[in-house]
Amino acid sequence: RGRENLYSATKATASVSDDAKQNCTKPYCFFCSVKQTDPSLRKALIAKIFKEMPLRDDQEHVLVLSGLWNIAMTQPDDPEFPSLGIFDCMANLINKGIKNRDWLLRDQNIYIPYYAAHVIGSYTMNKVEFAEKAVESGVIQPLMELLRGKLTWVEQRVAVRALGHLASYEATFEAVANYEDDLVRLAMKTSSNCLEIVYDKFVRREERMNYHRDLLTRGLGGAEIENRKAEEWAIQLQCWSLYLLNCFACKERSLSLVCSQEFLKDLSQMWGGLVNHASPSGVGLIRILCYSKMGRKCVAESIYVLESLCNLSRSSDDWQYMGIDCLLLLLRDADTRYKVISFATSSLVDLTELKTLRARSNIGDYIAKTLLLDYKYGKTKFKDTRVQNALEELWIMKVERRKGEKMMSEEKFQEVKVRVALTKQLGNQSFWSGKVEEAIMKYSEALDLCPLKLRKERKILHSNRAQCHLLLRDADSAIRDSTRALCLSSPPNSHSKSLWRRSQAYDMKGLAKESLVDCVKFISCCIKSAQATDGVKVPYYAARMIRKQMDAMWLFGHAQSKRVISQMENVVDSDSDDDCRNDHQNDVVMGLVTEKKSDFNLGLSTILENPSAEKGWRGSRRQLAKQRCLKLNEPHNV
């Protein structure tokens with residue numbers, strides 16, 4: 001089966017006709033060898049080819065490597081080629097490409113190091129015995145050279161992928177760890193700088209290296225596809241570099257390097273995004289660091305990391321639970337508890353009514369117990385009165401109110417339930433009368449009365465109060481109330497109105513990522529709801545919000561900004577009095593400033609409107625959009 005797949009792959013890659021193969025006169029032709037029906041002869045021929053390929057200079061080598069790349073991707077567990085010396089062959093080809101520049105630039109040999117490193121990474125992905133054989137074949141040194149940037153970022157990507165696989169096995173970790181200091185520093189540098197490198201070396205350029213374009217698009221071409229794939233590959237390069245660092249951090253190796261404050265700041269800003277949603281990216285490594293004493297100490301000293309974790313814990317991101325885990329680990333360590341409690345309390349106190357999260361039950365109660373761990377005895381250690389007030393409120397709700405409600409009779413319960421409904425109705429009336437502050441007071445009064453087990457009623461009250469805070473431009477309070485409403489929803493983070501309100505509040509604070517994630521989740525809820533009724537309808541205002549935040553979160557936005565600033569500084573620092581030169585420099589800077597507009601239209605995962613239809617759409621749908629906005633922003637009346 002593997003032989004058939006390889007033959008079909010190499011046949012398609014080489015585009016060689018059957019007649020040409022039948023007339024082949026080469027003594028060691030790879031394509032002829034894989035057609036051999038005698039297994040022993042076939043293996044002997046292929047082993048001979050793998051041994052001699054790095055010593056020969058043949059235009060057909062790139063076709064062979066392309067076919068091997070294909071079979072390694074589709075059949076990574078097939079033991080035939082690893083047993084015949086493919087790892088020695090790939091390592092020697094990479095070394096040849098690095099050391100022999102003339103050979104590399106001849107014909108299509110420039111593709112070979114990329115394919116060779118990719119083949120190594122694919123075959124070592126699942127099988128530890130293949131990884132051991134690869135290490136014995138000496139693949140680590142040439143992969144390290146690629147990671148050092150001896151060729152380009154494209155080869156760096158596949159090199160760090162292969163090294164990550166080798167470092168993930170106990171049997172081969174020590175062989176990789178022989179290069180520990182250099183490897184960790186390179187992985188840190190790559191993860192921090194790769195977006196700038198990809199932008200500078202590929203995305204911003206009109207004239208791009210042809211082989212980069214071919215590898216990215218597999219021959220389909222087009223600037224839009226190239227930019228989209230460049231974004232995807234840049235994120236993969238960053239995430240695979242972080243995975244390699246994870247392999248060392250989970251063994252508490254090189255923590256003094258990884259835990260530098262400068263790198264932790266970079267780490268807090270790394271996000272897999274919507275392109276690579278399967279990777280936890282920066283927060284995954286931060287959580288690994290929080291499992292060690294030294295890691296917790298360094299994380300607790302980074303304001304950037306703490307703010308990032310707090311924002312993540314109050315978002316609908318798939319990795320929300322990791323942000324919560326990190327904060328809880330820091331709070332349960334006596335050495336870091338009081339360094340982070342002012343940050344953590346403001347976020348975690350809003351999550352104490354969570355029932356489940358990612359198959360974790362009673363997560364809200366666990367958060368409350370952690371926050372109140374030494375509440376009775378540690379009051380004097382809280383310098384921030386806001387922390388003291390938040391913990392006092394939590395104590396009343398989780399301890400005192402819970403005890404009181406257990407003793408409440410059914411008759412009293414029904415009476416309180418009626419009072420809550422009436423107070424909420426008064427709040428709704430105040431809201432529609434334009435008395436927003438009064439509405440907040442009524443909703444707060446209803447929440448104080450509402451029993452904790454009436455989760456649906458409490459969800460509505462928090463969501464309504466969040467809308468009032470939005471109208472008053474109080475983003476922090478809106479985030480707090482909408483988060484509590486989302487914790488009370490079942491399943492968590494499924495209440496569409498609260499998602500939209502929190503997305504707006506995060507937008508007010510300039511937190512584009514959190515706003516984007518909530519807005520995407522909101523649209524997902526809208527689609528699910530619409531499928532059950534009259535079809536899928538994405539609200540126009542939500543589409544505009546997503547477009548805005550996708551532009552703000554453009555993967556290469558920071559790299560572009562740094563380049564603009566650098567160019568501006570060069571212009572300002574210039575002492576030349578040549579007017580023509582100054583005019584030219586100003587044109588360069590203005591070109592960089594306006595470059596963003598054209599870049600955004602190429603390969604971005606944004607929701608774009610049809611410019612030709614926008615005017616008519618707005619004219620015919622303006623009233624409908626307003627009605628939907630009003631309906632979404634109104635308080636609940638149930």
Seminar exercise, completed: The residue that is modelled with the highest pLDDT, considering only those in the range 216-261 that are closer than 23 Å to Leu104 by Cβ and in a loop (DSSP other than H, G, I, E, B), is Arg218
Exercise. Taking the condition of a type in the set (Lys, Arg), part of a helix (DSSP H, G or I) and without any contact (Cβ under 8 Å) to a residue 40 or more places away in the chain, does Arg213 pass?
Worked result: yes
Problem set entry | Check on Lys521, touching a residue at least 60 places away in the same chain (Cβ under 8 Å), surrounded by fewer than 21 Cβ atoms within 10 Å (Cβ to Cβ) and assigned to a helix (DSSP H, G or I) | no
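In the range 265-274, is there at least one residue being farther than 20 Å from Lys513 by Cα and in a helix (DSSP H, G or I)? Walk me through it before giving the result.
Taking the range 265-274 first, the residues farther than 20 Å from Lys513 by Cα are none.
Among the residues of the range 265-274, not one is farther than 20 Å from Lys513 by Cα and in a helix (DSSP H, G or I), which makes the answer no.
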Problem set entry | Residue among Asp335, Asp325 that is of a type in the set (D, E, K, R) and in a loop (DSSP other than H, G, I, E, B) | Asp335
Exercise. Mind checking which pairs have a first residue in the range 388-414 that is more than 15 Å from Asp448 (Cα to Cα) and a second that is modelled with pLDDT under 90 and not in a helix (DSSP H, G or I), Cβ under 8 Å, 6 or more apart or different chains?
Worked result: Gln388/Phe382; Leu391/Tyr375; Leu391/Phe382
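What number of residues within the range 258-277 satisfy the criterion of being aliphatic (A, V, I, L, M) and either touching a His at 6+ places or on another chain (Cβ under 6 Å) or closer than 18 Å to Val160 by Cα (or both)?
Quick first cut of the range 258-277, residues aliphatic (A, V, I, L, M) only: 258, 264, 267, 270, 274-275.
Now drop any that are not either touching a His at 6+ places or on another chain (Cβ under 6 Å) or closer than 18 Å to Val160 by Cα (or both), which leaves 258, 267, 270.
Qualifying residue count for the region: 3.
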Problem set entry | Wholly enclosed helices (runs of 4 or more DSSP H) of the range 6-59 bearing at least 2 residues at pLDDT 50 or above, over 20 Å from Asn92 (Cβ atoms) and out of contact with any Gly (no Cβ under 9 Å at 6 or more places or on another chain) | 39-52
For this session: Keeping to the range 58-87, report how many residues are within 22 Å of Gly138 (Cα to Cα) and among the acidic types (Asp, Glu).
Result: 3
For this session: Output the number of the condition that Ile94 fails; it satisfies all remaining conditions of (1) of a type in the set (A, V, I, L, M); (2) more than 21 Å from Lys43 (Cβ to Cβ); (3) surrounded by fewer than 21 Cβ atoms within 10 Å (Cβ to Cβ).
Result: (3)
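Do we find a residue being under 25 Å from Pro492 (Cβ atoms), in contact (Cβ under 8 Å) with a residue 24 or more places away in the chain and surrounded by fewer than 16 Cβ atoms within 10 Å (Cβ to Cβ) anywhere in the range 460-473?
First, the residues of the range 460-473 that are under 25 Å from Pro492 (Cβ atoms): 460-470.
Filter once more, keeping what is in contact (Cβ under 8 Å) with a residue 24 or more places away in the chain: 460-470.
Filter again for surrounded by fewer than 16 Cβ atoms within 10 Å (Cβ to Cβ), leaving none.
There is no residue in the range 460-473 that is under 25 Å from Pro492 (Cβ atoms), in contact (Cβ under 8 Å) with a residue 24 or more places away in the chain and surrounded by fewer than 16 Cβ atoms within 10 Å (Cβ to Cβ).
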Exercise. Which helices (runs of 4 or more DSSP H) does the range 113-191 wholly contain that include 1 or more residues that are at pLDDT 95 or above and in contact with a Phe, Trp or Tyr (Cβ under 7 Å, 6 or more places away or on another chain)?
Worked result: 128-136, 140-147, 153-167
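Could you grab me the full set of residues in the range 417-459 that are among the hydroxyl-bearing types (Ser, Thr, Tyr) and assigned to a helix (DSSP H, G or I)?
Taking the range 417-459 as the starting set, the residues that turn out to be among the hydroxyl-bearing types (Ser, Thr, Tyr) are 423, 430, 433, 443-444.
Scanning the range 417-459 gives Thr423, Ser430, Tyr443, Ser444.
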Exercise. Which residues, counting only those in the range 490-508, are over 22 Å from Met550 (Cβ atoms) and either of a type in the set (Lys, Arg) or surrounded by fewer than 22 Cβ atoms within 10 Å (Cβ to Cβ) (or both)?
Worked result: Ser490, Pro491, Pro492, Ser494, Lys497
Problem set entry | Meets criteria (touching a helix residue (DSSP H, G or I) at 6+ places or on another chain (Cβ under 8 Å), under 19 Å from Gly282 (Cβ atoms), in contact (Cβ under 8 Å) with a residue 12 or more places away in the chain and aliphatic (A, V, I, L, M)) for Ala159 | no
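Any residue that is within 17 Å of Val135 (Cα to Cα) and under 33 Å from the mean Cα position of the chain (by Cα) - is there at least one of those in the range 56-76? Talk me through it step by step, then tell me what you get.
As a first pass, look at the range 56-76 and keep what is within 17 Å of Val135 (Cα to Cα): 76.
Filter once more, so that each one left must be under 33 Å from the mean Cα position of the chain (by Cα): 76.
Checked against the condition, which is being within 17 Å of Val135 (Cα to Cα) and under 33 Å from the mean Cα position of the chain (by Cα), the range 56-76 yields at least one hit.
Just to verify a result, which residue in the range 363-421, among those that are of a type in the set (Ser, Thr, Tyr) and at pLDDT 90 or above, is surrounded by the most Cβ atoms within 10 Å (Cβ to Cβ)?
Kept after step one, since they are of a type in the set (Ser, Thr, Tyr), are these residues of the range 363-421: 366, 370, 375, 377, 380, 385, 409.
From the residues that got through so far, the ones that are at pLDDT 90 or above too are 366, 370, 409.
Numbers: Tyr366: 15, Thr370: 18, Ser409: 8.
Taking the candidates together, the pick is Thr370.
Quick one: which of Ser498, Ser490, Ser494 is farther than 23 Å from Ile235 by Cβ and modelled with pLDDT of 95 or more? I'd like the intermediate steps shown before the answer.
On the way: Ser490 fails: modelled with pLDDT of 95 or more; Ser494 fails: modelled with pLDDT of 95 or more.
Every option except Ser498 fails the conditions.
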For this session: Within the range 60-96, track down each residue that is among the small types (Gly, Ala, Ser), touching a Lys or Arg at 6+ places or on another chain (Cβ under 9 Å) and part of a helix (DSSP H, G or I).
Result: Gly67, Ser83
Problem set entry | Boolean, Arg287 is among the charged types (D, E, K, R) and more than 18 Å from Leu264 (Cα to Cα) | no
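Look through Leu516, Leu499 and report the one residue that is out of contact with any strand residue (DSSP E or B) (no Cβ under 8 Å at 6 or more places or on another chain), farther than 20 Å from Glu307 by Cβ, assigned to a helix (DSSP H, G or I) and in contact (Cβ under 8 Å) with a residue 12 or more places away in the chain. Show your work before the answer.
Values: Leu516 fails: farther than 20 Å from Glu307 by Cβ.
Going through Leu516, Leu499 in turn, the sole match is Leu499.
The values are calculated or read from the model by the stated rules, or taken from the named source; none is laboratory data. Given the structure is predicted, the values throughout are model-derived calculations rather than measurements. Using ideal geometry, Cβ is built from the backbone for each residue, glycine included, and neighbour counts are taken over all protein chains shown.
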